[in-house]
Amino acid sequence: MSAGLVGIAVIDILLFLFLVLIAIAIARLRNLFAIAMLAGVFSLLSAGLFVTLDAMDVAFTEAAVGAGISTVLMLGTLALTVREEKPVTHSPFLPLLVCAITGAALIYGTLDMPPFGAADNPVQTHVAPYYLEQTPVEIGIPNAVAAVLASYRGFDTLGEVVVVFTAAIAVLLLLGGGGRSGRHGKVAGERKKD
Amino acid sequence: MEHHSILRVVSKLLIPPILLYALYVQFHGEYGPGGGFQAGVIFAVAFILYALVFGIEAMTEILPPRLLLILSATGVLIFAGTGVVTMLLGDAYLGYNALAADPPHAQEWGIVIVEIGVGMTVAAVMMAIFVAFASHNPPIKDEDW
């Protein structure tokens, strides 16, 4: 094994170790502010994992969306609600059992998966070679990810944009933040304070 | 908030580079990592930082919630409209080859245009959601900082 691969393995193990530690900390903490910040750190570490997998675009998105904007929105939600989680009243054994069974099923499922990174994996032999070979010819841009995202899979991306738009509509309908209804909502909020 | 001079100075220094970086990510997406989704989020973050430090009213003065809603819908329309234009030009829906004489150029045009739509929607949506949350919140008290 070359020195580079050993280095990546060490980084992967460290990142996964930190992810597990943060997950345990999130499960044990009761302060929601700290949990929101730790969730941001979790996303940032996941972005690091994506970098070691050479998935730069995904890492970029995870860092910007997961660690950046979701943390801000989470804190905004906290300011609307409460900062402390309610004490747990039920016994932890049933959730633990559910988690253990689901985790075991997921690990059992991975046994059927093709070996990680093998050249004859379905993901490497299906449409990916076509995209990688034809992007310089058909699209003429260096970033194959952008070519797949916006051209080969343009319909999917259009769907994603519509989903993002729908999220805004849903939040604005629930909280009343857009346009005329927004001003009404604000007036109602101010009245409540008085 | 008046005496948080470090926060105000640092964020004033940071916001222009953040906006520039968002534009770089948007228009360099064909060459390096990035694209409309990431650029939109980074662009929104600059305004959110401004709103966090200078108050939500300072942000809604330039970007009222109604404008954000219009912008987010415009982005979707740019993306979906590109498909309609390519159909009118005689290609399939979102078949960018009809946009210019030679296919690689047409594809690049198509990708740049739809990425602008993506960036616009994502930035406006993120800011709209933030404004929706923040305009319900009382301003953060000094002792909570």
Practice problem: Let me know the mean shielding of B:119-125 by other chains, meaning the per-residue number of their Cβ atoms within 10 Å of its Cβ. | Solution: 4
Quiz item: If one takes the longest principal axis of the Cα atoms in chain B, at what angle in degrees, from 0 to 90 and to the nearest 10, does the Cα axis of helix B:5-27 lie?
Solution: 0 degrees
Quiz prompt | Charge context of A:Gly117, other residues only, Cβ under 13 angstrom, K/R +1, D/E -1 | solution = -3
Quiz item: Taking the Cα atoms only, what angle lies between the long axis of helix B:103-134 and the longest principal axis of chain B, rounded to 10 degrees?
Solution: 30 degrees
Practice problem: Grab the other residues whose beta carbon is less than 14 angstrom from that of B:Gln26, score K and R as +1, D and E as -1, and report the net. | Solution: -3
Quiz item: Which value in deg cm²/dmol, rounded to the nearest 500, describes the helix-derived mean residue ellipticity at 222 nm for chain A, given -39,500 (n - 2.57) per DSSP H run of n ≥ 4 and division by the residue count?
Solution: -22000 deg cm²/dmol
Exercise. State which helices in chain A qualify, where a helix is a whole DSSP H run, it must extend 18 Å or more along its own axis by its Cα atoms, and its mean Kyte-Doolittle hydropathy must be at least 1.6.
Key: A:3-28, A:32-52, A:93-110, A:154-175
Quiz item: What percent does the relative contact order of chain A come to when contacts are Cα pairs within less than 8 Å and at least six residues apart?
Solution: 13 percent
Exercise. Quick one: what are the phi-derived ³J(HN,Hα) couplings along segment B:82-99, Karplus 6.51/-1.76/1.60 with θ = phi - 60°, whole Hz, x for glycine and proline?
Key: 4, x, 5, 4, 5, 5, 5, 7, x, 10, 6, 4, 6, x, 5, 4, 6, 6
Quiz item: Which whole number gives the average, over all residues in B:63-74, of C-beta atoms from other chains lying within 10 Å of the residue C-beta?
Solution: 4
Exercise. Could you go through segment B:69-75 in sequence order and give the Karplus-derived ³J(HN,Hα) for each residue, using 6.51 cos²θ - 1.76 cosθ + 1.60 with θ = phi - 60°, rounded to whole Hz, and x for Gly and Pro?
Key: 5, 5, 4, 5, 6, 4, x
Quiz item: What FRET efficiency would be calculated for the residue pair B:Lys12, A:Asp54, taking the C-beta separation as r and a Förster radius of 45 Å, to the nearest 0.05?
Solution: 0.80
Quiz prompt | Prolate/oblate/rounded label for the protein assembly as shown (Cα gyration tensor, a/c 1.5) | solution = oblate
Quiz prompt | Highest-first arrangement of A:154-161, B:124-131, where packing means the average Cβ count within 10 Å | solution = B:124-131, A:154-161
Quiz item: So, in nm, how far is label B:Ile62 from label A:Ala118 when the simple model puts each one 7 Å beyond its Cα toward the Cβ?
Solution: 5.4 nm
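No value in this document is a laboratory result; all are computed from the given coordinates. These numbers were taken from a predicted model, which means no experiment stands behind them. Cβ coordinates were reconstructed from backbone atoms using ideal geometry, including for glycine residues, and neighbour counts include every protein chain displayed.
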